[in-house]
Amino acid sequence: MIVSTAVVRSEMSLRSILMAGLSYLGVLCFAPLLIARDDGFVQFHARQGLVIWMWGILALFILHIPVVGEWVFGFTSMIVLAYSVLGLVSVICQRAWKLPLISWVADRF
């Protein structure tokens, strides 16, 4: 009995890790939001991933600002990439790291 329970927990954990990992891969953040509604770990990461994705979309609009648009877009894109990598590392470590600024916005959803 104990062995089978451990196997079930590891399988559920793997599913949670995979779903939470999708959260930081751009538009794929919507899949965990819709599929794993009952998993708090996945929902935490999905909300943060959604905020990062929205930030990336807003960066595309900034690109149209003359003179400084390209510079701001490049800087913002690097920040979005860094946050996505930090989020993925958090998922791999099975932690719920609150990313600065991102978690503040995500908690408002």
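The values are calculated or read from the model by the stated rules, or taken from the named source; none is laboratory data. Note that this is a predicted model, so its numbers are computed, not measured. Glycine gets a Cβ as well: all are built from the backbone with ideal geometry, and neighbour counts include every protein chain shown.
Quick notes on this one:
- Among the criteria (1) modelled with pLDDT of 95 or more; (2) surrounded by 14 or more Cβ atoms within 10 Å (Cβ to Cβ), the one Ser103 does not fulfil is (1).
- Arg95 in a loop (DSSP other than H, G, I, E, B) and either free of Cβ contacts under 8 Å to residues at least 12 places away in the same chain or within 15 Å of the chain's Cα centre (by Cα) (or both): yes
- Checklist (1) modelled with pLDDT of 95 or more; (2) in a loop (DSSP other than H, G, I, E, B) applied to Tyr83, failing item: (2)
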